[in-house]
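Notes for the one structure printed next.
The values are calculated or read from the model by the stated rules, or taken from the named source; none is laboratory data. The structure presented is a predicted model; accordingly, all values stated were derived computationally and were not measured. When we count neighbours, we look across all protein chains shown, and the Cβ atoms used for this are built from the backbone with ideal geometry, even at glycine.
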C-alpha cells in the first residue's frame, strides 16, 4: 500500500506537462513560462503577449509624472523612476542589478566578449555589437528628417535633439541644459575647477578630453581636416567648419537687435558691444 501511495503521490505532483515535448514538471510555474501566446501581427510567440503588442500599437501606457517620459513596460518605468529618486538598491551604488554585474568587471578587468575579426575584447556584449560596425561599415539607423545614418541607435537619439532642440540634461548648480550627458559632465568642471586631462609632453591640463586631443596637434603638427574646395588643412574640425563658410557665404549667427548676420559667433559677440555701448 505504501508503494501505491507513493506512486500515486508522484503522479499527483508531476501533473503539469509541456504541450511541446511532453516533459512533466513539479510546479505549474514552469509551465506558465512557456511561450504559448502567438502574435497575429508578426507570428512570434510570447509568455506575455500584452507587453509585446505595444511594439505594434506604439502604446506607452506608463507615464512618468515628473518628466512626462512614457514607457511600454512597467519594469522600464520603475527603473526610470530611480533617475528621479536616485535610489541605488545594489551594492557599489547601482540602481539596476545588471549594471552592478557590468560594473564589477571594472574591478576584475574581465572582458568576456571578444571580436572574432580583430580579437579586441569588451566588458559588455552591447559594446561588442557596436564595435562590429567598424568592420561591416553598417549604419542601420537613419534620421527621417535629414537622412543622416548612424551605426548605433543611441547616436541617432542624440542626433535627433539637433532637430528637436531637446536638452534633457540640466546642471543642478546653474540650470544650464545640455542635449547629451557627456556635455553636462564636462560642464561640471566649470563649477569644480577640475582639470583631469593632462598633456604628457608639456604638463598643461584641460577640463575636457577632446580639448586635450586638439592640444596635441600643437606638438605633432598634425592637420587631419582638409577643405575639399581649396585643400587648406586644419588641426580641428571646428576650424574647418568655420572655414567652409568662406566658400558657402553662410552666416548662421544673427544679431537679435538689428538682424545683422555673421559667419562666426565671436564676430557676433564683438558686434553686440556696439548696442551695449561697450565699444
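Tabulated results
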| read-out | value |
| --- | --- |
| Top-ranked residue in the stretch 143-156 [being within 19 Å of residue 181 (Cβ to Cβ) and surrounded by 14 or more Cβ atoms within 10 Å (Cβ to Cβ); ranked as modelled with the lowest pLDDT] | 152 |
| Check on residue 167, in a loop (DSSP other than H, G, I, E, B), at negative phi and under 15 Å from the mean Cα position of the chain (by Cα) | yes |
| Residue in the stretch 233-243 that is farther than 26 Å from residue 262 by Cβ and not assigned by TED's automatic domain parsing to the domain that holds residue 262 present | no |
| Among (1) modelled with pLDDT under 85; (2) surrounded by fewer than 14 Cβ atoms within 10 Å (Cβ to Cβ), the one test that residue 162 misses | (1) |
| Among (1) assigned by TED's automatic domain parsing to the domain that holds residue 158; (2) more than 30 Å from residue 154 (Cα to Cα), the one test that residue 182 misses | (2) |
| Given (1) in contact with a strand residue (DSSP E or B) (Cβ under 6 Å, 6 or more places away or on another chain); (2) in the same structural domain as residue 145 (by TED's automatic domain parsing); (3) surrounded by 13 or more Cβ atoms within 10 Å (Cβ to Cβ), number of the condition residue 168 does not satisfy | (1) |
| Subset of the stretch 173-191 (residues that are surrounded by 12 or more Cβ atoms within 10 Å (Cβ to Cβ) and farther than 15 Å from residue 206 by Cα) | 176, 177, 178, 179, 180, 182, 184 |
| Close pairs from the stretch 109-130: first in contact (Cβ under 8 Å) with a residue 24 or more places away in the chain and outside the structural domain of residue 153 (by TED's automatic domain parsing), partner assigned to a loop (DSSP other than H, G, I, E, B) and surrounded by 11 or more Cβ atoms within 10 Å (Cβ to Cβ), Cβ under 7 Å, at least 6 apart | none |
| Pairs with Cβ under 8 Å, 6+ apart, first in the stretch 248-260 and assigned by TED's automatic domain parsing to the domain that holds residue 273, second loosely packed, with under 12 Cβ neighbours inside 10 Å | 253/265 |
